[in-house]
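The structure under discussion appears below in the form of structure tokens.
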Amino acid sequence: MIKEVIVVEGKDDTTSIKRAVDADTIETGGSALNKTTIERIRLAKERRGVIIFTDPDHAGERIRKLISDKVPG
């Protein structure tokens, strides 16, 4: 079991992660990142740490930047 929570874009990403490793995920729902999801990520960071695992495209970059701005560190 990976200690950190892995932040992914959607359900397909969660499925792929769970096929590869035993880990918990938080889905951002694509680039439609809302306050509830940001709060879940913030709490996960404090309690277990997070790994942001998004696509290397414009949307993925945007998600990483939004998370970094709202949840420093």
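Things worth noting here:
- Taken over region 33-44, the criterion of being under 11 Å from I67 (Cα atoms), open to solvent by less than 70 Å² (accessible area, probe 1.4 Å) and touching a residue at least 12 places away in the same chain (Cβ under 8 Å) is satisfied by L33, I38, I41.
- If you go through region 9-18 and pick out every residue that is surrounded by fewer than 18 Cβ atoms within 10 Å (Cβ to Cβ) and either over 18 Å from I67 (Cβ atoms) or touching a helix residue (DSSP H, G or I) at 6+ places or on another chain (Cβ under 9 Å) (or both), you end up with 5.
- No other residue among A59, A20, A32 is within 17 Å of M1 (Cα to Cα) and either under 10 Å from the mean Cα position of the chain (by Cα) or not polar (S, T, N, Q) (or both) apart from A20.
- Residues in region 35-49 that are over 18 Å from M1 (Cβ atoms) and under 11 Å from the mean Cα position of the chain (by Cα): 5 in all.
- Close pairs (9 angstrom Cβ cut-off, 6 or more residues apart or separate chains): on the phi < 0 side of the Ramachandran plot and free of Cβ contacts under 8 Å to residues at least 24 places away in the same chain in region 54-65, among the β-branched types (V, I, T) and open to solvent by 40 Å² or more (accessible area, probe 1.4 Å) anywhere: R64/I52
- Test: I6 is open to solvent by less than 50 Å² (accessible area, probe 1.4 Å), over 17 Å from P72 (Cβ atoms) and hydrophobic (A, V, I, L, M, F, W, C): yes
- Condition check for I52: touching a Ser or Thr at 6+ places or on another chain (Cβ under 9 Å), open to solvent by less than 60 Å² (accessible area, probe 1.4 Å) and under 15 Å from E4 (Cα atoms): yes
- Subset of region 19-32 (residues that are open to solvent by 60 Å² or more (accessible area, probe 1.4 Å) and at pLDDT below 95): A32
The values are calculated or read from the model by the stated rules, or taken from the named source; none is laboratory data. Owing to the predicted nature of the structure, the values given are computational and were not obtained by experimental measurement. Every residue, glycine as well, gets a Cβ built from its backbone with ideal geometry; the counts of neighbours run over all protein chains shown. All accessible areas refer to the heavy atoms of the entire protein, side chains included, with ligands and DNA or RNA removed. Shrake-Rupley method; radii C 1.70, N 1.55, O 1.52, S 1.80 Å.
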